[in-house]
Amino acid sequence: MRQGAIALAAGLLFGAGLAVSGMADPQRVQAFLDLGGDWDPTLAFVMGGAMLVMVVAWAIQRRMAAPVAAGKFDLPATNRIDARLAIGALIFGAGWGIGGLCPGPAIADLAIAPVQAAMFVAAMLAGMAIHRFTTR
C-alpha cells in the first residue's frame, strides 16, 4: 500500500511537472527540436533543471542504505553503451521528433488531447509488444 501511494504521488508530481513545463505540448517539443527554424529553447532549461535535481538525488541516494519504500535499491547492473542501446535511442529520438511526444507526456496527454495521444500510445504499445515477442 505504501509503495502504491508513493508511486501515485510521484506520478502526479511528474504529470504536473510535464504540464507546467510544457513538455506535454507536442508543438513546444517540436519547436525545441527544430534547430534550423523557429527554435524554442525553453525545454533546454526544463531539462537542465531536471539534471540539477538528479545530481542532488544521486548524492542523497549514495548515502542511503535502502530506499524509503523498498528493501533495497534496484539500479541497473551495467552502464555499457552498445549497438542495441544506441539504436533504441535513435528510434526513441526519431519518434519524439516526429510525434512531439515520449511515453510520459503521451500518457499525460490522454487527458488533454485524447485522440492524438491515443494514436501515439497505441503505436507505442504495439512497439513494446513487438519488442517483447522478438527478444529473449
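The values are calculated or read from the model by the stated rules, or taken from the named source; none is laboratory data. What you are looking at is a predicted structure, and each value in this text was computed from that prediction instead of being measured. Neighbour counts run over all protein chains shown; Cβ positions are idealised from the backbone, glycine included.
Please find, within region 55-109, the residue that is surrounded by the fewest Cβ atoms within 10 Å (Cβ to Cβ) out of those that are modelled with pLDDT of 85 or more, among the aromatic types (Phe, Trp, Tyr) and part of a helix (DSSP H, G or I).
TRP58
Which of the residues spanning region 13-26 are loosely packed, with under 12 Cβ neighbours inside 10 Å and modelled with pLDDT under 85?
Those that are loosely packed, with under 12 Cβ neighbours inside 10 Å and modelled with pLDDT under 85: ALA16, VAL20.
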